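To start, the structure itself, in structure tokens.
The values are calculated or read from the model by the stated rules, or taken from the named source; none is laboratory data. Just so it is clear, the structure is predicted and the values come from calculations on it, not from any experiment. Reconstructed Cβ throughout: ideal geometry from the backbone, glycine too, with neighbour counts over all protein chains shown. The protein model used for the area step is the full one, side chains on, heavy atoms only, and it has no ligands, DNA or RNA in it. Shrake-Rupley method; radii C 1.70, N 1.55, O 1.52, S 1.80 Å.
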Amino acid sequence: MSFAASNLVRTTHFLAALWYLCAGTSIATADERVPSYNRDIRPILSDRCFTCHGPDSGSRQADLRLDLEEYAHAVAIAAGEADDSELIARASSDDPDLMMPPPDSKKPRLTNAEIETLRRWIDAGAKYEPHWAYIPPERPEVPEVQRENWPRNAIDQFVLARLESSGIAPAEEADRRTLIRRLYFDLVGLPPTPDEVEAFVLDNRPDACEQLVDKLLASPAYGERMASWWFDLVRFSNTVGYHGDQEHRITPYRDYVIKAFNDNLPFDEFTIEQLAGDLLPNPTLWQRIASGYNRLLQTTHEGGAQDAEYRAIYQADRVRNFSEVWLAGSMGCAQCHDHKFDPFTQEDFYSLAAFFADVDRFGSFEPVGKNKTPDVRPPEIMAWTLPVYEALAEVDAEIAELEKKLAGDIPIDWQENQKKLTALKLRRVELEGQFVPTMVTEAVPPREIRILPRGNWLDNSGKVVEPRTPHFLQQVSDNGQRPTRLDLARWLVDGENPLTARVVANRLWKRYYGIGLSKVLIDMGSQGEAPVDQPLLDWLAVEFSSSGWDVKHL
């Protein structure tokens, strides 16, 4: 049975919910276990302490960092001796002048249970760990299980191992009527017809489910279902969003996304084409259309708009969306200051913005634009929609066949076939006349990007920055040239990038089971949540990237 079919049959929604319940219970009751920094300690310190004692140098108090082991151990933590640790003394104190967090921080006091967790961690050596999301995933060993005949794939084994560790049996396999409805809603977002239900119930083939999964994955509705997920992530809209909320022209990008999912375009290519389709050698029309991603943001066309202000707004919006979609990072915080919980600095924020410095030909108010609808937002090109593309493909196939006949040695009615060829070419011209305008990216000489102190677009005193990925992650490969959006896109899907494959696998798990393995989908940083089963998430991430970024496989 196929990977997708067996996963959907055996790993039912109810089983998944049961697994999360038992996972939470086992964590809550494992008092004898040594606390883990990533799982148990970092969430406490991040929530209560990092605002004043974390990465942001602008708000750091007493020159104390609790996010870095060497600083914390030097001042506040006596490894192996919780009673001698200033961290425990301050967290336990009732003295308003000593207690942490201080009363004026408006943060709640640590609970007795949290203090006890910190005590046990310190007594065990106060071992820090690199943040789980910033370490490139490696394929873990698939766990052994007692019910050896139950699993049909590795996912089943991860799930069953967790269930068995809590003494819980897996749910029964769903009945046929339930299963077909789950498959339809999950894969195409639509219910099956009564006739389709009855046909599946009566289908006695051993691979009936596999056949149904393959049929649904091949359905045009699958691409539409997946596109709706992607459109939410990239804030797709056919209007400008501000003030008059005029229409803008971006329909072919919508069709590109639907086609990409239906064609099972590898996710690495899907990423590269959207961020940098215009920078590819001899880009196809679809790749140019894909570059419209960079134009998907709110824009203003109000007469009184300040050009420099909206340039700053647009560049910040691009960095925020880029970081949320592919990195699950809340980099918006670093627009005005170093991130308070994660290692992202303000310079990281503006260095990422520098990758997009070649996107804006105009600022807030294009000279050819009017405050009307639909709005004109150059650069735009004339492009096909999906129905026109499909019709053109049919016409081109017929033209190629006829031209082959006319050029061959086999006797044919030359005059009749020439008439058909002429009619087809006229039809092609007619279809090209149905092309519509769509916004695209066309690289221009990059403008200068400065760090804006406190995000103030009026302050030009900040440092000039060049394109660079976050300082604590692997840097882009640029061959000694100024890095481009194409370098950035390739960096995202490089095997050493720790985030992209995890982020997508986590989001797709949520798509099918209602909750992510790491629950906060847009934040895999310190304020997010560690996965309930990191080995499973890492296995999925490695499986995804090593499969050639095959979305349907995942």
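Using Cα centres only, tell me the gap between segment 110-139 and segment 237-270 in whole Å.
42
Starting from the Cα of Asp396, step 7 Å along the direction of its Cβ; do the same at Ala78; then give the gap between the two resulting points in nm.
Distance between label points: 7.5 nm.
So what's the net charge close to Ile88: Lys and Arg +1, Asp and Glu -1, counting the other residues with Cβ under 12 Å from its Cβ? Mind showing how you got there, number by number?
On the way: positive: Arg90, Arg119, Arg120; negative: Glu81, Asp83, Asp84, Glu86, Glu114, Glu116, Asp123.
My count for the surroundings of Ile88 gives -4.
Sticking with the crude label model, points 7 Å out along Cα→Cβ, report the distance from Cys336 to Glu138 in nm, one decimal please.
So the label points at Cys336 and Glu138 sit 4.2 nm apart.
In the chain, carbon and sulfur make up what percent of the accessible area (probe 1.4 Å)?
That fraction is 51 percent.
Could you pull out every one of the aspartates and glutamates with an alpha carbon less than 16 Å from that of Lys106, ignoring same-chain neighbours closer than 8 positions?
By straight Cα distance, Lys106 reaches Asp47, Asp94, Asp95, Asp97.
Where the centre of each part is set by its Cα atoms, how far does segment 447-514 sit from segment 87-109, in angstrom?
The distance from the Cα centre of segment 447-514 to that of segment 87-109 comes to 37 Å.
May I ask for the angle, rounded to the nearest 10°, between helix 386-407 and the longest principal axis of the chain, with both axes built from Cα atoms and the value confined to 0 to 90°?
40
For Gln474, what is the net charge nearby, where nearby means another residue's Cβ is under 14 Å from its Cβ and Lys, Arg count +1, Asp, Glu -1?
Every neighbour counted, the sum reads -3.
Can you give the extra length, in nm with one decimal, that the chain gains between Lys419 and Leu98 once fully stretched, where that is 0.36 nm per residue apart less the Cα-Cα distance?
106.3 nm
Kindly express, to the nearest 10 degrees and within the range 0 to 90, the angle between helix 220-233's C-alpha long axis and the longest C-alpha principal axis of the chain.
So the inclination is approximately 40 degrees.
Might you work out the accessible area of Ser93 for me, using a 1.4 Å probe with all protein chains in place, and round it to the nearest 10 Å²?
The value for Ser93 is about 20 Å².
If you take every residue apart from Asn264 with its C-beta less than 13 Å away from the C-beta of Asn264, what net charge results, scoring Lys and Arg +1 and Asp and Glu -1?
-3
Peptides 271-279, 420-428: what's the order by average Cβ count within 10 Å, highest mean first?
Put in order of decreasing packing, that is 271-279, 420-428.
Based on the Cβ-Cβ distance of Gln475 and Tyr71, what FRET efficiency does E = 1/(1 + (r/R0)^6) give at R0 = 22 Å, to the nearest 0.05?
0.30
Between rounded, prolate and oblate, where does segment 426-524 land on the alpha carbon gyration tensor, with a ≥ b ≥ c its root eigenvalues, rounded for a/c under 1.5, else prolate if a/b exceeds b/c?
oblate
Calculate, for segment 252-399, the solvent-accessible area per residue in square angstrom, rolling a 1.4 angstrom probe over the heavy atoms of the protein chains.
Here the per-residue accessible area is 34 Å².
Along Cα→Cβ, 7 Å out, is where each label goes; now give me the distance between the ones at Ala124 and Gln434 in nm to one decimal.
For Ala124 paired with Gln434, the spin-label model returns 6.5 nm.
Output the relative contact order of the chain, whole-number percent, from Cα pairs under 8 angstrom with separation of 6+ residues.
Working: 832 pairs, mean separation 100.8, N = 554.
Relative contact order comes out at 18 percent.
Would you mind getting me the FRET efficiency between Tyr242 and Glu448? Use the beta-carbon distance for r and R0 = 25 Å, nearest 0.05.
Values: r = 25 Å, r/R0 = 1.02.
Efficiency, rounded to the nearest 0.05: 0.50.
Using a ≥ b ≥ c from the Cα gyration tensor of the chain (square roots of the eigenvalues), is it rounded, prolate or oblate, where a/c under 1.5 gives rounded and otherwise the larger of a/b and b/c decides, a/b for prolate?
On the way: a/c = 2.54, a/b = 1.32, b/c = 1.92.
It comes out oblate by the Cα gyration axes.
Straight distance only, please: which aspartates and glutamates reach the Cα of Lys420 with their own Cα at less than 13 Å, same-chain residues fewer than 8 apart left out?
Correct list for Lys420: Asp396, Glu398, Glu401, Glu403.
Using helices alone, what [θ] at 222 nm do you get for the chain, with -39,500 (n - 2.57) per DSSP H run of 4 or more residues, divided over all residues and rounded to the nearest 500?
-13500 deg cm²/dmol, from helical runs alone.
Too long at a 23 Å Cα-Cα cut-off: which of Lys340/Lys463; Lys107/Lys510; Lys259/Lys405; Lys215/Lys259; Lys215/Lys552; Lys107/Lys340?
From the list (Lys340/Lys463; Lys107/Lys510; Lys259/Lys405; Lys215/Lys259; Lys215/Lys552; Lys107/Lys340), the Cα-Cα distance tops 23 Å for Lys107/Lys510; Lys259/Lys405.
Is segment 263-344 rounded, prolate or oblate when judged by the Cα gyration tensor, a ≥ b ≥ c being the square roots of its eigenvalues, rounded requiring a/c under 1.5 and prolate requiring a/b larger than b/c? Show your work: numbers first, answer last.
On the way: a/c = 2.95, a/b = 1.30, b/c = 2.28.
Oblate, because a/c is 1.5 or more while a/b does not exceed b/c.
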